[in-house]
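Structure first, then comments.
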Amino acid sequence: MALTQKDGFSSKFGVIAAAAGSAVGLGNIWRFPYITGENGGGAFLLLYIFFVIVIGVPVMMSEFVIGRRSESNALGSFRKLAPGTSWWLIGLMGIIAAFVILSFYSTVSGWTLEYVFQSINQGFEGKSMDQLNSDFETFTSGSFRPLLWQMIFMALTAVVVLGGIQKGIEKATKILMPILLVLIIAVCVRSVTLPGASEGLKFLFEPHFEKLNFKSVLMALGQAAFSLSIGMGALITYGSYINKDTPLLSTSIQVAAADTLLAILSGVMIFPALFALGVGNTGGPGLVFVTLPAIFQSMPGGTFFAVAFFLLVSVAALTSTISVLEVVVAYLKQEFNISRLKATMIGTISISILGVFCTLSFGPLKDNTIFGKTVFDLMNYLSANVFLTFGALFIVIFTGWILGKSNFVDELNKSGKVNPVVTKVLFIIIRYIAPVAIGAIAIGTFFIEGLT
Ligand code: PFF
């Protein structure tokens, strides 16, 4: 009977759509461009790609292996694979990270819906950059509208998650991801054909290594983890729904490649447009919401591209938020033996409560700071640079030293034998190289920069 059958992905394409859907999100389109801008452009991009290959793919694979082998949620998987130990605490950290990420992520996701609405109503028409900037500030510093959009976004996320894996998450991502790709390519073509666009491409692709410092290294690693959705158990959770015929190595490579391509395309979408407008690499979280509308309203067919752009950002955000909510829902459902409906309600409501504080950080709670940061900034910073980096660190240590080589290789070989040289190299990275590299960066931050 369908009800008792275990819910899981139905095909490899389904797995890739869902995992790439998780990976491609605000991290690519909203976060990557402004962080790259703040860290000097091309050289940062190279550093970022280096981390995706050397750290990202092995951690992603480790998460898939942990999830599929245990067939359990982010916390239950550690308990199952290392019973009687404290490793489940890493899972718990992942669940907390999911709360932290979704709380601020849903704020920005809500903004994207407001901007879809405004673009449809041609709300940017005839406005100068200054006006658009003050519109953005007026909107984000309000309470009612940003909260309303945030709640609508959380509700949309909940509806997909309620549908379950095959009929909710897989179905939604299989439809939305191709749409996202088409929209992004359309906006890219428009952006690179703007007069003066080549300066932007130069900024994105020309490396100036002198602009890098230790903080850029941390930011690149944190951004890679955030963008690939690694380090908190989203991919452990998805891994538990992957069947044994799906090859985990090629899936991880394809998901990481798709995510990196989409980050680069986002840069290609944004930097040429920025330079064409003559504003250079000014950035920060408002980048996408101020500068791009300024460009859209000044070009032919602007309304169409504005709607396309904000719609694609919302779609990208939605396919990511469902993966974060699923971490919490799978945990509640399995560990407390409650229905998906109940788990989704509890998860959505409790995350939304923390989310309210993030949204209000731009208005009524602007001056309530912790370590000199607003709640939003703190959650944004903590998620990538603390939770996900330490999460990734412990996940590779777990795979390399606790799960062990034979279990790891056995799981990878379930769908057909992987070349032993490849598995050997991968395991060396997971056991030695990745922990040392991630550990050095994560710990170094505390000594050098603290939380600032
Ligand atoms: N990878 C998503 C993005 O780039 O927007 C964000 C994210 C989703 C982070 C899921 C972590 C996660 F577990």
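Bear in mind that the values in this text are calculations on the coordinates, not laboratory data. Predicted, not measured: the structure shown is a model, and the values here were computed from it. Don't worry about glycine lacking a Cβ; one is built from the backbone with ideal geometry, like all the others, and counts go over all protein chains shown.
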TODO: Going by C-beta contacts inside 10 Å, put Val182, Val396 in order with the fewest on the left.
DONE: Val182, Val396
Task: Listed residue pairs exceeding 21 Å between alpha carbons, taken from Lys215/Lys366; Lys6/Lys424; Lys80/Lys414; Lys215/Lys373; Lys6/Lys414 - done: Lys215/Lys366; Lys6/Lys424
Open item on the list: Just want to confirm a number: the relative contact order over region 115-261, from Cα pairs under 8 angstrom separated by 6+ residues, in percent.
Closed with: 9 percent
- [ ] Ratio to report: Rg/Rh of region 1-103, with Cα atoms as the point set and Rh obtained by the Kirkwood method; give two decimals.
- [x] 1.04
TODO: Figure the gain on full extension for Phe117 and Lys342 (residue separation times 0.36 nm, minus the Cα-Cα span) and round it to one decimal in nm.
DONE: 77.9 nm
Task: Inter-label distance for Ser11 and Phe214, nm, one decimal - labels placed 7 Å from Cα along Cα-to-Cβ - done: 5.0 nm
Open item on the list: Using a 10 Å cut-off around each Cβ, can you sort Met177, Met151, Met61, Met379 from fewest to most neighbouring Cβ atoms?
Closed with: Met151, Met177, Met379, Met61
Task: Student exercise, region 97-211 dipole from Lys, Arg, Asp, Glu Cβ charges, in Debye to nearest 20 - done: 500 debye
Open item on the list: Could you compute Rg(Cα) / (2.2 N^0.38 Å) for region 126-210, with N its residue count?
Closed with: 1.62
Open item on the list: Under the 0.36 nm per residue contour assumption, what length would be gained going from the current alpha-carbon distance of Thr369 and Thr85 to full extension?
Closed with: 98.5 nm
Open item on the list: Tell me the volume per residue, in Å³, of the convex hull enclosing the alpha carbons of region 50-154.
Closed with: 169 Å³
TODO: Mind putting a number on the dipole of the chain about its Cα centre? Charges go on the C-beta only, +1 for Lys and Arg and -1 for Asp and Glu, and I need it in Debye to the nearest 20.
DONE: 1280 debye
Open item on the list: Kirkwood Rh and Cα-based Rg: tell me the resulting Rg over Rh for region 353-452, rounded to two decimals.
Closed with: 1.20
Open item on the list: Which residue, Ser227, Val189, Thr237, has the largest displacement toward the positive end of the dipole of region 171-327 when charges sit on each Cβ (Lys, Arg +1; Asp, Glu -1)?
Closed with: Thr237
- [ ] Put one equal scatterer on each alpha carbon of the chain, apply the Debye formula with no solvent term, and list log10 I(q)/I(0) at q = 0.13 1/Å to two decimals.
- [x] -1.16
TODO: List, largest first, the extents of the alpha carbons of region 211-360 along their principal axes, each in whole Å.
DONE: 56, 36, 34
Task: Residue-wise HN-Hα coupling along region 193-205, computed from phi with Karplus coefficients 6.51, -1.76, 1.60 (Hz; x: Gly, Pro) - done: 9, 6, x, x, 5, 4, 4, x, 5, 5, 4, 6, 9
TODO: Compare the peptides 432-439, 421-428, 19-26 by average per-residue count of other Cβ atoms within 10 angstrom and give them in order, highest first.
DONE: 19-26, 432-439, 421-428
- [ ] For region 384-440, report the convex hull volume of the alpha-carbon atoms normalised per residue, in Å³, without decimals.
- [x] 79 Å³
- [ ] Using a 10 Å cut-off on Cβ atoms, rank the peptides 157-168, 106-117 from the highest mean neighbour count down.
- [x] 106-117, 157-168
- [ ] For Ile428 and Ser128, calculate 0.36 nm times their separation in residues minus their Cα-Cα distance, and state this gained length in nm to one decimal.
- [x] 102.6 nm
Open item on the list: Please give the charge dipole size of region 194-298, origin at the Cα centre, charges +1 on K and R Cβ atoms and -1 on D and E Cβ atoms. Round to the nearest 20 debye.
Closed with: 120 debye
